[in-house]
Amino acid sequence: MNDNRLRERFKVFCFKHDLEALILAAESQLISVLGVNSLAVTWTRPIEDQNHNVPPKNIVEGIFIKCGKKYKGTVDAPRILGNARYQDIAEQCPQGFGLFVDFLENI
């Protein structure tokens with residue numbers, strides 16, 4: 001990269017957890033997809049501070065099991081996140097996703 005403008009715009013963003021952290025941040029959409037009225041929140045907030053020994057993916061899978069369903073990330077994640085506002089998720093996940101959103105909004 002010989003162009004300094006590209007270097008200034010190149011940023012690396014990483015999630016602390018799998019995509020399921022964003023699903024936990026989209027709680028109302030998760031509730032809707034599961035067809036329940038509410039969920040008992042058993043995860044850490046902010047979500048990005050969740051214990052790595054109990055990652056968000058395990059929590060999401062457990063929630064689905066409690067609701068009598070099987071979590072399939074390739075199907076369920078787009079259904080949940082597709083109806084969520086990215087701004088709400090960024091607010092719930094400020095350490096990784098929120099920074100990424102801020103960067104994109106300020107380009």
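The values are calculated or read from the model by the stated rules, or taken from the named source; none is laboratory data. The structure presented is a predicted model; accordingly, all values stated were derived computationally and were not measured. All Cβ positions, even for glycine, are placed from backbone atoms using ideal geometry, and neighbour counts span all protein chains on display. Ligands, DNA and RNA are excluded from the accessible area calculation, which covers all protein heavy atoms including side chains. Shrake-Rupley method; radii C 1.70, N 1.55, O 1.52, S 1.80 Å.
So here's what we get for this one:
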quantity	calculated
Gyration tensor verdict on region 43-85 (Cα atoms; rounded if a/c is under 1.5, prolate if a/b is larger than b/c, oblate otherwise)	oblate
Net lengthening on full extension, SER28/VAL54 (0.36 nm per residue, minus Cα-Cα)	7.2 nm
Label of the coordinate-derived value, semi-axes √(5λ) of the Cα gyration tensor in Å, listed as (i) 59, 15, 4; (ii) 27, 23, 9; (iii) 30, 14, 12	(iii)
Relative contact order (%) - criterion: Cα under 8 Å, at least six apart; region: the chain	36 percent
Helix-only CD estimate at 222 nm, as mean residue ellipticity for the chain, using -39500 (n - 2.57) per DSSP H run (n ≥ 4)	-14000 deg cm²/dmol
Highest-first arrangement of 22-34, 84-96, where packing means the average Cβ count within 10 Å	22-34, 84-96
Listed residues LEU99, ALA25, GLY73: farthest to the positive end of the dipole of region 18-107 (Cβ charges)	GLY73
Net charge of neighbours whose Cβ lies under 9 Å from the Cβ of TYR71, counting Lys and Arg as +1 and Asp and Glu as -1	+1
Cα-centre dipole for the chain with unit charges at Cβ (Lys and Arg positive, Asp and Glu negative), debye to 20	320 debye
Whole-number accessible area per residue in Å² for the chain, which is evaluated in the context of all protein chains at 1.4 Å	65 Å²
3J(HN,Hα) from dihedral phi, region 33-42, Karplus parametrisation 6.51/-1.76/1.60, rounded to Hz, x for glycine, proline	5, 6, x, 10, 8, 6, 10, 7, 6, 10
